[in-house]
Structure formats: structure tokens, C-alpha cells
């Protein structure tokens, strides 16, 4: 493998273009309460640590965390990510556990940096790139649970000492890994400064400049990744960044949750990247359902945007690739948080031992992997088309992909914004279901990959007319007359390939197309 380099608006490995496609290892070095179903009750590592000590004592708490870090992500996870065809991981770091100050000198905490080194060894073995993500900076960069802040304040921007420690920490990391080719880049700050702390926005670009200068003193090899403000959704802070600065092997990162999976929603990010001639990285997106995944992530790839799904692993879920069972007795812990009703130490230890057992006995949600890759078997929402040829006029309907001529309608006839907030992976409610309306000669195409020799496509179609289904541009053609509501099925032979495309052509319409099932 070779160093990843940012050149113009792309990233390259050994002179060849590459897209990073992978997963954020959330919940490992910086667990968040919602990943344990504790939500706001006990929402960040320092509060979880305090809970363990209160319930189980310091000795057991130390044992628990060692076992937790050793079991939550293992070599088997990296092997699985590689086997599924992905090529990168984003590692969230918690500065509080990464360094200590002894005799006025910053040093790595041996146990933590050893675990980082171990992950890097696994990733080298399976050829998976690593992005080091400063998820919890000294003092906290957001004042929220995600950075493990102590006082719910963005301390990094309130005290100069925290900035100095961050500068030293990144220089230490860059010095240690300057020659490590498996590291794709350094993500300097995760989601800095939500909007309600915008009075500190003017500190961010100067801090980025200081960090880049310190890193470049010891490491000229790695990409430096800069995030926007307000959960990495606002790029206006980059207005003062110059093209000359951005030419120093820089990539810009945005995050995307619970919003339209269309190019229009990415315009600010794309325009900024074009102005600065840098590549884009969608560093966090997920926490939704598979319909959203199979629409959004292929979109990023069509636009040449690298991506990292969040999060790879969570408790008792269907919308992350990896999950583990809720440990027996967890409800008693949640009740204790609410009421402080006594739990005997032996019982608390038993519950947290169950937790350690559960995280090691994970399950794979294959449907999430399939949605991200559009791999058969997969369900593709009709609005997730990859190409189109439209001769008709777009009709009012859903406010989605509005710059394109395809008519996207709500099935129930309403108009306006689509509601995409499916935090737990719930299916879209019927009132949010979308359909496409096609008229004579209109067509849409859906890309997919398959390792099967035979693929069955099932499309729900309604109306009165004729529809034609083609695989890979008239390679195989099936036609059907439609009257009322019909299930249109086509069986196709296709060699194992990274990409095929199913084309739906309305020969005579109008016709209404719903979800596409590929089996």
C-alpha cells in the first residue's frame, strides 16, 4: 500500500484514484450512552466510568474497562470489514485516555497507544486504511456527550492550555505515525462547535492552521482532514481558507444524518471543495434505515465522495452492521440511574459481566452491508435511481432531487419535504412512501452488484400502459402490459460483477413505480 494523497478534487493511492469506503468504530475508545441504551441518563465515558465505580468498585471497574477495550473491536472485525469489500475505518480517539502529563511533559498512556498500534497492525494485515479521529479533544470541542466534556462546555476554545495540549498531542501522533502508510489521514477535530457556541467560530481556522503547521514539522506524508462547524454541517468557516493552504494535502469532511439523500443537499460542501480544489469525505452518516442507506451511500460514490458509516457496532439494533444483545439485568442499571435504588455490588458485577459477554458475542446485520453496497438481495426505493432519461415534465410532489426532471410523488398525494428521521432504523411510515411517475419513453436506472448468477427483479407498478425492464442496456429485455396494480418480475442471468444496472422504461403510460426488490 502507499500513502493516500489529496490531489485537486480527488484522493489517490500510488497515483491511482481511490474512494475510502468504511466505518466509524464508534463506541470503542469513546462509548456514548445511546449505544448502551442509556441515552441521556449516562451519556459519556466519564459518567459511565463513575457509574461503574459507584456500583462495582474501583478494582472491578478497572477490570471491566480493560476487557471492554479488548473485546469491543477485535481483529475479526477488521477481517470482516475487508471481506465485505470495504477499505477503511475511522478511529474515534478520546484525548483524556490517550495522554497524561508527567513532570510537565506530555506522554502517551501506554495501554491506549498500544491498542491504537494493535489496530494499525490488524489494518495493515487486511489492507484497511485508518483515519485517526480526534473525537474528544482536550477540554472538549463541542461541550456535548460526543467529546466526553466535563462541564458541558467547549473547553478547548475557552482555555489556551487545552489548545496547547491538542497541538502537542497531534505532533506526538504525527511523529509516531509519520511513516505509516496504512494511515490515510488525521481528522483534527470531530464536529467542533455547535451553532449555539458560534461566538467561538472565529477561533477554529486559526487553530486548524496552528495544528497543520505543527503536524507538517514532523509529517509531510499524511492527509489532514478538516471538519466544518455545527456537527460538521456548516462549511462557511472555510470561506477564509485559501486555495494555497488547501493544496497542502487537505481533505474537507462533512457529516450527514436524517436529511434528504440528494445532491442538492450537498451543494455547500461540493461548491466549497471545488473552490479550494480539494476532495470531500462524508465522515459520519447513518443512524437511519436501510432505505436511506441504499439511497445516500451510492449517491456519495456517484459524486466521487469518500465515506464512513456511523456506527459500525451498537447494542440491540438492526441499523448498524454489527450488533450485540442487551445484557441481562441492564434495566436494573437504568433504574438505578433514575432512582439510585440500591443494587448489591455482587449483582451489579454480574450485570456488567453479562455486558462483557454480550459485546464479544456479536451478530451481523447483513441487510445493512447489502444496503450500503447495493448488493443482492437488496430493496431499492424508487427514488434511489442512478440515471434517467426523461421526456415528460416534472410534476409537483416530494421536495427531493428537485434539480432533476423525474417526477417523485408521495403515494398519498401530499406535497413537500420528506421526513427521514428514522433514528432506530424503523421503516418509512406509509405516509412518507414515495413513488415515481413515468410517461411515454421515460426511463430510470438502478445500479447494483451481485455475486449470484441469477437475479430476480420484482417491481411494483400501477397504472395503464406498458413497461420494459432491461439489464445492462438491452442485454436482456422483459416487457409487460400493466392494468391496475401489478407485480412486474424479471429473471436475469448476470456474471458476478461490481456493477450492473436495471433499467425501467415506460413504453406507454402514465405508470407509477414503487420499490424495486432484487433477489
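The values are calculated or read from the model by the stated rules, or taken from the named source; none is laboratory data. Please read all numbers here as calculations on a predicted model, not as lab measurements. Virtual Cβ from ideal backbone geometry, glycine too; neighbours counted across all protein chains shown.
The number of residues in the stretch 292-314 that are part of a helix (DSSP H, G or I) and either in contact with a helix residue (DSSP H, G or I) (Cβ under 8 Å, 6 or more places away or on another chain) or buried (at least 24 other Cβ atoms within 10 Å of the Cβ) (or both) comes to 8.
Test residue 346 against the stated conditions and say whether it is farther than 30 Å from residue 301 by Cα, assigned to a helix (DSSP H, G or I) and more than 30 Å from the chain's Cα centre (by Cα). Please lay out each step first, then the result.
Details: farther than 30 Å from residue 301 by Cα: yes; assigned to a helix (DSSP H, G or I): yes; more than 30 Å from the chain's Cα centre (by Cα): yes.
Judged against the criteria, residue 346 is a match.
Here residue 371 clears all of (1) touching a strand residue (DSSP E or B) at 6+ places or on another chain (Cβ under 9 Å); (2) crowded, with 17+ Cβ neighbours inside 10 Å; (3) assigned to a loop (DSSP other than H, G, I, E, B) except the condition numbered (3).
With in contact (Cβ under 8 Å) with a residue 24 or more places away in the chain, in contact with a strand residue (DSSP E or B) (Cβ under 9 Å, 6 or more places away or on another chain), over 21 Å from residue 22 (Cα atoms) and surrounded by 15 or more Cβ atoms within 10 Å (Cβ to Cβ) as the only criterion, which of 183, 225, 237, 250 stands out? Every option except 237 fails the conditions. Is it the case that residue 337 is in contact (Cβ under 8 Å) with a residue 40 or more places away in the chain, farther than 30 Å from residue 22 by Cβ, in the same structural domain as residue 257 (by TED's automatic domain parsing) and not in a loop (DSSP other than H, G, I, E, B)? Here the answer is yes, as residue 337 does meet what is asked.
Against the condition in the same structural domain as residue 499 (by TED's automatic domain parsing) and under 31 Å from the mean Cα position of the chain (by Cα), how does residue 451 come out, does it pass?
Values: in the same structural domain as residue 499 (by TED's automatic domain parsing): yes; under 31 Å from the mean Cα position of the chain (by Cα): yes.
For residue 451, the condition - in the same structural domain as residue 499 (by TED's automatic domain parsing) and under 31 Å from the mean Cα position of the chain (by Cα) - is met.
List the number of the failed condition for residue 148; all other conditions in (1) under 28 Å from residue 1 (Cα atoms); (2) surrounded by 22 or more Cβ atoms within 10 Å (Cβ to Cβ) hold. Among (1) under 28 Å from residue 1 (Cα atoms); (2) surrounded by 22 or more Cβ atoms within 10 Å (Cβ to Cβ), residue 148 violates only (1).
Could you please let me know if residue 225 is within 14 Å of residue 174 (Cβ to Cβ) and in a strand (DSSP E or B)? Can you show your working first?
Numbers: within 14 Å of residue 174 (Cβ to Cβ): yes; in a strand (DSSP E or B): yes.
Answer is yes for this residue.
For residue 49, state whether it is in the same structural domain as residue 321 (by TED's automatic domain parsing), more than 30 Å from residue 293 (Cα to Cα), outside any loop (DSSP other than H, G, I, E, B) and free of Cβ contacts under 8 Å to residues at least 24 places away in the same chain.
Working: in the same structural domain as residue 321 (by TED's automatic domain parsing): yes; more than 30 Å from residue 293 (Cα to Cα): yes; outside any loop (DSSP other than H, G, I, E, B): yes; free of Cβ contacts under 8 Å to residues at least 24 places away in the same chain: yes.
Judged against the criteria, residue 49 is a match.
Scanning the stretch 4-20 for residues that are outside any loop (DSSP other than H, G, I, E, B) and in contact with a strand residue (DSSP E or B) (Cβ under 6 Å, 6 or more places away or on another chain), which turns out nearest to residue 65 (Cα to Cα)? Per the criteria, the residue is 4.
Would the stretch 137-144 turn up any residue that is crowded, with 24+ Cβ neighbours inside 10 Å, modelled with pLDDT of 95 or more, in the same structural domain as residue 95 (by TED's automatic domain parsing) and not in a loop (DSSP other than H, G, I, E, B)? Looking for residues that are crowded, with 24+ Cβ neighbours inside 10 Å, modelled with pLDDT of 95 or more, in the same structural domain as residue 95 (by TED's automatic domain parsing) and not in a loop (DSSP other than H, G, I, E, B), one finds none in the stretch 137-144, hence no. Among all positions in the stretch 509-517, there is at least one residue which is out of contact with any helix residue (DSSP H, G or I) (no Cβ under 7 Å at 6 or more places or on another chain), surrounded by 19 or more Cβ atoms within 10 Å (Cβ to Cβ) and assigned to a strand (DSSP E or B).
Each residue in the stretch 75-93 was checked for being out of contact with any helix residue (DSSP H, G or I) (no Cβ under 6 Å at 6 or more places or on another chain) and either at positive phi or not in a helix (DSSP H, G or I) (or both), and 9 pass. Among the candidates 208, 201, the residue that is in a helix (DSSP H, G or I), out of contact with any helix residue (DSSP H, G or I) (no Cβ under 8 Å at 6 or more places or on another chain), at negative phi and modelled with pLDDT of 95 or more is uniquely 208.
Taking the stretch 418-454 on its own, how many of its residues are in contact (Cβ under 8 Å) with a residue 60 or more places away in the chain and closer than 19 Å to residue 515 by Cα?
Count: 22.
Could you list, in sequence order, all residues of the stretch 253-278 that are touching a helix residue (DSSP H, G or I) at 6+ places or on another chain (Cβ under 8 Å), touching a residue at least 60 places away in the same chain (Cβ under 8 Å) and on the phi < 0 side of the Ramachandran plot? Correct list: 259, 261, 262, 263, 278.
How many residues, within the stretch 468-519, are touching a residue at least 40 places away in the same chain (Cβ under 8 Å) and either within 28 Å of residue 412 (Cα to Cα) or not assigned by TED's automatic domain parsing to the domain that holds residue 408 (or both)? I'd like the intermediate steps shown before the answer.
In the first step, residues of the stretch 468-519 are kept if they are touching a residue at least 40 places away in the same chain (Cβ under 8 Å); the result is 493-519.
Filter again for either within 28 Å of residue 412 (Cα to Cα) or not assigned by TED's automatic domain parsing to the domain that holds residue 408 (or both), leaving 502-519.
Number of matching residues: 18.
Among the conditions (1) closer than 26 Å to residue 27 by Cα; (2) assigned to a strand (DSSP E or B), residue 331 misses just one, which is (2).
Any idea which residue in the stretch 196-208 is surrounded by the fewest Cβ atoms within 10 Å (Cβ to Cβ), counting only those that are more than 26 Å from the chain's Cα centre (by Cα) and either free of Cβ contacts under 8 Å to residues at least 12 places away in the same chain or within 16 Å of residue 248 (Cβ to Cβ) (or both)? Full working, then the answer.
Looking only at the stretch 196-208, we keep the residues that are more than 26 Å from the chain's Cα centre (by Cα), and these are 199-200, 202-203, 206.
Still in the list and also either free of Cβ contacts under 8 Å to residues at least 12 places away in the same chain or within 16 Å of residue 248 (Cβ to Cβ) (or both): 199, 202, 206.
Numbers: 199: 9, 202: 11, 206: 11.
So the residue we want is 199.
When the residues of the stretch 82-113 are filtered to those that are without any contact (Cβ under 8 Å) to a residue 60 or more places away in the chain and closer than 30 Å to residue 254 by Cβ, the one that is nearest to the chain's Cα centre (by Cα) is 82.
Screening the candidates 435, 485, 491 for the property of being at pLDDT 95 or above, in a strand (DSSP E or B) and touching a strand residue (DSSP E or B) at 6+ places or on another chain (Cβ under 8 Å) yields one hit, 435.
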